[in-house]
1. What pairs come out if I take residues in segment B:64-83 that are without any contact (Cβ under 8 Å) to a residue 24 or more places away in the chain and pair them with residues that are β-branched (V, I, T) and open to solvent by 10 Å² or more (accessible area, probe 1.4 Å) whose C-beta lies under 9 Å away, six or more apart or interchain?
2. If I ask for residues that are open to solvent by 40 Å² or more (accessible area, probe 1.4 Å) and part of a loop (DSSP other than H, G, I, E, B), which ones from segment B:43-55 would you list?
3. A:I86 fails exactly one of the following numbered conditions: (1) surrounded by 13 or more Cβ atoms within 10 Å (Cβ to Cβ); (2) within 14 Å of chain B (Cβ to nearest Cβ); (3) over 25 Å from B:L105 (Cβ atoms). What is the number of that condition?
4. Mind listing whichever residues of segment B:56-70 are assigned to a loop (DSSP other than H, G, I, E, B) and in contact with an Asp or Glu (Cβ under 9 Å, 6 or more places away or on another chain)?
5. Residue check: is B:G40 outside any strand (DSSP E or B), more than 10 Å from every other protein chain (Cβ to nearest Cβ) and open to solvent by 10 Å² or more (accessible area, probe 1.4 Å)?
6. Residue by residue through segment B:59-73, note down the ones that are surrounded by 14 or more Cβ atoms within 10 Å (Cβ to Cβ) and modelled with pLDDT of 90 or more.
7. Of all residues in segment B:16-32, which are open to solvent by 90 Å² or more (accessible area, probe 1.4 Å) and under 15 Å from B:S87 (Cβ atoms)?
8. Hey, could you check segment B:71-108 for residues that are away from chain A (no Cβ under 13 Å) and hydroxyl-bearing (S, T, Y) and say which is farthest from A:G40 (Cα to Cα)?
Amino acid sequence: GQQLNQSPQSMFIQEGEDVSMNCTSSSIFNTWLWYKQDPGEGPVLLIALYKAGELTSNGRLTAQFGITRKDSFLNISASIPSDVGIYFCAGQSPRPGNNRKLIWGLGTSLAVNP
Amino acid sequence: DTGVSQDPRHKITKRGQNVTFRCDPISEHNRLYWYRQTLGQGPEFLTYFQNEAQLEKSRLLSDRFSAERPKGSFSTLEIQRTEQGDSAMYLCADEEAFFGQGTRLTVV
């Protein structure tokens, strides 16, 4: 099925560094969502974006909905050890009906060295 | 705490057995989704309910899979005659964005 291109696949950084990851799609989306998933747990919503160009922050996290509606990025500033996990982007494409199923990237695995 | 709860958290079953999972969404939310996630992948859409009506099913949902939401509140996902390839994390989400903790199924 359709998937988003998410990069990088993995990152290993030092505590305190900033992190950036992004997702691109060949088709337009009307919503972009960013999640964090810890092992054995469900994804936890970090940031939701609903409008092209929108820039939204949640603490040390900042995400933007690309102007073309085909991409989004997530930045984490001043990383800390508890930022470790897998970050997923997910998008909803415009479609008839009320099903807002999500299309997902393959995730970015983040490791933080204290 | 996302407000969406799933039960059980883990299930180990022998191949050929039937299993049933339950999802309890936030009470006032109308839409409910089931996803499946395998290792190293993002979640994949399985099926979607608007209240009690099952409105869309993925081709991933073979005839061994059935989902119900009898009163428009909790939902169940049943897998009959389980196969090793059914081993995965089964996730429930409401209003498309808020996920439960998932049920990890292992078929041995």
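The values are calculated or read from the model by the stated rules, or taken from the named source; none is laboratory data. Small disclaimer: the values here were computed from a predicted structure and weren't measured. Note that each Cβ is placed from the backbone with ideal geometry, even for glycine, and that neighbours are counted across all protein chains shown. Surface accessibility is based on the protein's heavy atoms, side chains included, excluding ligands, DNA and RNA. Shrake-Rupley method; radii C 1.70, N 1.55, O 1.52, S 1.80 Å.
1. Correct list of pairs: B:S66/B:T76; B:E68/B:T76; B:P70/B:T76.
2. Correct list: B:N51, B:E52.
3. Condition (3) is where A:I86 drops out.
4. B:S58, B:L60, B:R64, B:R69, B:P70
5. So B:G40 does not fit the description; no.
6. Selection gives B:F65, B:S66, B:A67, B:E68, B:R69.
7. Correct list: B:Q17 only.
8. Restricting to residues being away from chain A (no Cβ under 13 Å) and hydroxyl-bearing (S, T, Y), the top hit is B:S73.
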